[in-house]
Amino acid sequence: MSRIVIRQTALCLLTIPLFPIPLAQAQAQAQAQAQAQAQSDDALATGDFNSADFDSADFDSAAFDELQFDDSMLAGDELFDADSEDTGNSSAFRYQLTQQWVGHLNRHSFAPIDDASAAAPGHRPHQTEVNRLAGHIRYQDAFAGGWLAQASAWGRLYLDGDYEHDNPDRQNTEWRLNELFLQYSGDVDSITAGRQTVVWGETIGLSVLDVVNTTEYRDLTVIDLEDARLNQWMLSWDRFSDSGNLSSFINVYPEFNPLPVDGSPLFPGAPLRLSSYHRDEAIFEIGTRWQRHFTGSDLSLMAARLYENNLLHLPDPATPGHSDPVVNDYLLLGGSINRAIDTLLLTLDIAWSHQVQVAGYTPRTESKKVPPLGEPQLPANMATLHREYANLLGISAGFEYAITPLRQISVGLRAEKLYDLPQGDVIVVDDREDLRADMLLRYSHVVWQEVLSLALTAQADLKGNASLVNLSAEYQWNDNLSTTAQLIATRGEPGSNFGFLDEDLRLGLTMTLSF
């Protein structure tokens, strides 16, 4: 999500799919061969509507600084997972229709509070939030020896009660091209050109290395990073050997995390209106990863020159009340390792980012007290906000455990901290100045004859400032029709911008028809 005045953010809250997670060994192998497989786990991202289409306000949350929500139930690659491919259908096309409804059981209202002693905001009436019909189409054809063509897209009809209904920018309909790539795989090499994803890191959902592709969310429907990644125009190359592989990519048109949509559930409003970035020169990203396989383990080293997915937003002196978005390229060096022990997979990711941009200001008074990041008002010294640079160290660790083939659990921890901060009177407005850490828990259980599946996802800031719990159940009526129910509860400390979701409780229902 985006950050007030200063930057957009994108911390990912990853929910468990409503089918079993692969066994630990299969997960490790899949990450090593993801780009060469004809069916990639990351083939379908939720889409890529351009952030330039929106000029929306932004906000910050110390607790959920990078917590990310997306509507991937209607646009995700889990709609076409690898297990569902072998259906005996020889057609290169697959289709899916979904009808989704989400409404409030308890809706917490957010109101700016300038005085910390003021009364907490009250509750608004219950109401429908999401009511939409969506269609998906996917094309996949291995049309010649070693050649694969793949494309996917979706369209939506926003019905009465949906927050997108009567949006003048939508006209109650929307469509998006998710992926469009051509892949050639030889004996030891694989080359892919077109809209695609590049996934780095081992810790699912919380990897500090999984920053190559941008991400997009809109609301609290399905919360899944694998689906939230946006495909981008890339050229990637993989060379495989018995002992490991070497992978490289070049992103010829880097994009940035889209701004929150006006009126969306995660758009509380902000005093400064954010502007989209307009390109005035060509930019690109490039990176490479070396991976070595050992018995029950993989070791990877990687390096990349990337642009920060989150724009830095500073006050625009030429347009009062609006922001001037600033882009920044930086160097990323990292390493990751996993270790499979029977059905247990241990993961560790380390990332060092050189010269990331942060916002700083010089206080006008002798007091150097930093305004709490959660306060909805802008810092009193916003006129002096400017760009500074720092280095960032991030660590992710976790495990995935297949208790049985039908019951899986995964836990992830992530911590990030800025260092080499600017000296002098400059005050940095970024909650990574102190150690920022969060935890993610996912559990899934197929409870009845592979027909009824239950899942739990929970993520929390380790300081206890905010948390989210997502309970879901899926019933598979037959091979083509399923129903999914969700209960989503959020909590945020008063005074933070995520306080507008404190005590918020949502119920969601989705009907899915695949053919």
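Within the stretch 306-347, which residues are in a loop (DSSP other than H, G, I, E, B) and under 19 Å from N213 (Cβ atoms)? Before you say what the answer is, go through the steps one by one.
First, pick out the residues of the stretch 306-347 that are in a loop (DSSP other than H, G, I, E, B): 308-311, 316-321, 327-328, 342-343.
If the condition is that a residue be in a loop (DSSP other than H, G, I, E, B) and under 19 Å from N213 (Cβ atoms), then E308, N309, N310, L311, V327, N328 are the ones that fit.
Of all residues in the stretch 136-156, count the ones that are surrounded by fewer than 16 Cβ atoms within 10 Å (Cβ to Cβ) and in a strand (DSSP E or B).
Number of matching residues: 8.
Regarding the stretch 408-418, can at least one residue be identified that is in contact (Cβ under 8 Å) with a residue 40 or more places away in the chain, among the hydroxyl-bearing types (S, T, Y) and assigned to a strand (DSSP E or B)?
Kept after step one, since they are in contact (Cβ under 8 Å) with a residue 40 or more places away in the chain, are these residues of the stretch 408-418: 408, 410, 412-414, 416, 418.
If we keep only those that are among the hydroxyl-bearing types (S, T, Y) as well, we get 410.
With assigned to a strand (DSSP E or B) added as a condition, the list becomes 410.
Checked the stretch 408-418: at least one residue is in contact (Cβ under 8 Å) with a residue 40 or more places away in the chain, among the hydroxyl-bearing types (S, T, Y) and assigned to a strand (DSSP E or B).
Residues of the stretch 464-487 being outside any strand (DSSP E or B) and buried (at least 20 other Cβ atoms within 10 Å of the Cβ), which ones? Step through it out loud before you land on a result.
Let us first name the residues in the stretch 464-487 that are outside any strand (DSSP E or B), namely 464-465, 477-480.
Listed by number, the list holds a single entry, N465.
Farther than 27 Å from L97 by Cβ and among the hydrophobic types (A, V, I, L, M, F, W, C): does that describe L468? Full working, then the answer.
Working: farther than 27 Å from L97 by Cβ: yes; among the hydrophobic types (A, V, I, L, M, F, W, C): yes.
Taking the combined requirement at face value, the residue satisfies it.
Step by step: first the residues of the stretch 174-188, then only those that are over 24 Å from the mean Cα position of the chain (by Cα) and crowded, with 17+ Cβ neighbours inside 10 Å, then the one that is farthest from L509 (Cα to Cα). Which residue is that?
For the stretch 174-188, the residue satisfying everything is S185.
Under the condition of being of a type outside the set (S, T, N, Q) and outside any loop (DSSP other than H, G, I, E, B), which residue from the stretch 195-225 is nearest to S444 (Cα to Cα)? Spell out the reasoning first.
As a first pass, look at the stretch 195-225 and keep what is of a type outside the set (S, T, N, Q): 195, 198-202, 204-206, 208-212, 216-220, 222-225.
Restricting the remaining residues to those that are outside any loop (DSSP other than H, G, I, E, B) gives 195, 222, 225.
Values: R195: 31, V222: 15, L225: 16 Å.
Once the filter is applied, the top-ranked residue is V222.
Out of the residues in the stretch 430-463 that are assigned to a strand (DSSP E or B) and charged (D, E, K, R), which is surrounded by the fewest Cβ atoms within 10 Å (Cβ to Cβ)? Explain how you work it out, then say what you get.
Of the residues in the stretch 430-463, the ones assigned to a strand (DSSP E or B) are 436-448, 452-461.
Next, only the ones that are charged (D, E, K, R) stay: 436, 438, 442, 461.
Working: R436: 22, D438: 26, R442: 25, D461: 25.
Filtering first and then ranking leaves R436.
For the stretch 295-305, does any single residue satisfy the condition of being under 27 Å from N257 (Cα atoms), hydroxyl-bearing (S, T, Y), assigned to a strand (DSSP E or B) and in contact (Cβ under 8 Å) with a residue 24 or more places away in the chain?
Here is the first cut: in the stretch 295-305, the ones under 27 Å from N257 (Cα atoms) are 300-305.
Add one more test, that the residue is hydroxyl-bearing (S, T, Y), and what stays is 300.
When the remaining residues are screened for being assigned to a strand (DSSP E or B), the result is 300.
Remaining after also requiring in contact (Cβ under 8 Å) with a residue 24 or more places away in the chain: 300.
Taking every residue of the stretch 295-305 in turn, at least one turns out to be under 27 Å from N257 (Cα atoms), hydroxyl-bearing (S, T, Y), assigned to a strand (DSSP E or B) and in contact (Cβ under 8 Å) with a residue 24 or more places away in the chain.
How many of the residues in the stretch 131-173 are at positive phi and of a type in the set (S, T, N, Q)?
The first filter runs over the stretch 131-173 and keeps only residues at positive phi, leaving 146, 161, 166, 171-172.
Checking which are of a type in the set (S, T, N, Q) leaves us with 171-172.
Qualifying residue count, the stretch 131-173: 2.
Can you find a residue in the stretch 164-173 that is in contact with a helix residue (DSSP H, G or I) (Cβ under 9 Å, 6 or more places away or on another chain), surrounded by fewer than 20 Cβ atoms within 10 Å (Cβ to Cβ), touching a residue at least 24 places away in the same chain (Cβ under 8 Å) and not aliphatic (A, V, I, L, M)? Quick ask: steps written out before the conclusion?
Within the stretch 164-173, the first condition is being in contact with a helix residue (DSSP H, G or I) (Cβ under 9 Å, 6 or more places away or on another chain), and the residues that meet it are 169.
Filter once more, so that each one left must be surrounded by fewer than 20 Cβ atoms within 10 Å (Cβ to Cβ): 169.
Retained after the next criterion (residues that are touching a residue at least 24 places away in the same chain (Cβ under 8 Å)): 169.
This time we only want the ones that are not aliphatic (A, V, I, L, M), so: 169.
The answer is yes, given that some residue of the stretch 164-173 is in contact with a helix residue (DSSP H, G or I) (Cβ under 9 Å, 6 or more places away or on another chain), surrounded by fewer than 20 Cβ atoms within 10 Å (Cβ to Cβ), touching a residue at least 24 places away in the same chain (Cβ under 8 Å) and not aliphatic (A, V, I, L, M).
With A228, A151, A193 as the choices, which residue is modelled with pLDDT under 95 and of a type in the set (G, A, S)? Walk me through how you get there before you give the answer.
Values: A151 fails: modelled with pLDDT under 95; A193 fails: modelled with pLDDT under 95.
Only one candidate qualifies: A228.
So in the stretch 288-324, with the set limited to residues that are modelled with pLDDT of 95 or more and charged (D, E, K, R), which one is farthest from the chain's Cα centre (by Cα)?
Out of the qualifying residues, it is R292.
Among the candidates R229, R156, R170, single out the residue that is basic (K, R) and touching a Lys or Arg at 6+ places or on another chain (Cβ under 7 Å). Even if it seems obvious, please write down each step before you answer.
On the way: R229 fails: touching a Lys or Arg at 6+ places or on another chain (Cβ under 7 Å); R170 fails: touching a Lys or Arg at 6+ places or on another chain (Cβ under 7 Å).
Sole residue among the options that is basic (K, R) and touching a Lys or Arg at 6+ places or on another chain (Cβ under 7 Å): R156.
For the stretch 272-287, indicate whether the set of residues that are assigned to a strand (DSSP E or B), surrounded by fewer than 18 Cβ atoms within 10 Å (Cβ to Cβ) and modelled with pLDDT of 95 or more is non-empty.
The answer is yes; a qualifying residue exists.
If R491 satisfies every condition in (1) touching a helix residue (DSSP H, G or I) at 6+ places or on another chain (Cβ under 9 Å); (2) over 25 Å from Q99 (Cα atoms); (3) touching a residue at least 40 places away in the same chain (Cβ under 8 Å); (4) not aromatic (F, W, Y) but one, which is the exception?
Among (1) touching a helix residue (DSSP H, G or I) at 6+ places or on another chain (Cβ under 9 Å); (2) over 25 Å from Q99 (Cα atoms); (3) touching a residue at least 40 places away in the same chain (Cβ under 8 Å); (4) not aromatic (F, W, Y), the lone unmet condition for R491 is (3).
Can you confirm whether T192 is among the hydroxyl-bearing types (S, T, Y) and either in a loop (DSSP other than H, G, I, E, B) or under 18 Å from the mean Cα position of the chain (by Cα) (or both)?
Details: among the hydroxyl-bearing types (S, T, Y): yes; either in a loop (DSSP other than H, G, I, E, B) or under 18 Å from the mean Cα position of the chain (by Cα) (or both): no.
So T192 does not fit the description; no.
Those residues that are surrounded by fewer than 22 Cβ atoms within 10 Å (Cβ to Cβ), in a strand (DSSP E or B) and modelled with pLDDT under 90, I need them from the stretch 488-501; list them, please.
If we filter the stretch 488-501 for residues that are surrounded by fewer than 22 Cβ atoms within 10 Å (Cβ to Cβ), which is where we start, we get 489, 491, 493-495.
Restricting the remaining residues to those that are in a strand (DSSP E or B) gives 489, 491.
Selection gives R491 alone.
The values are calculated or read from the model by the stated rules, or taken from the named source; none is laboratory data. What you see is a predicted model, and the numbers here were worked out from it, not measured in a lab. As a convention, Cβ positions derive from the backbone with ideal geometry for all residues, glycine included, and neighbour counts pool all protein chains shown.
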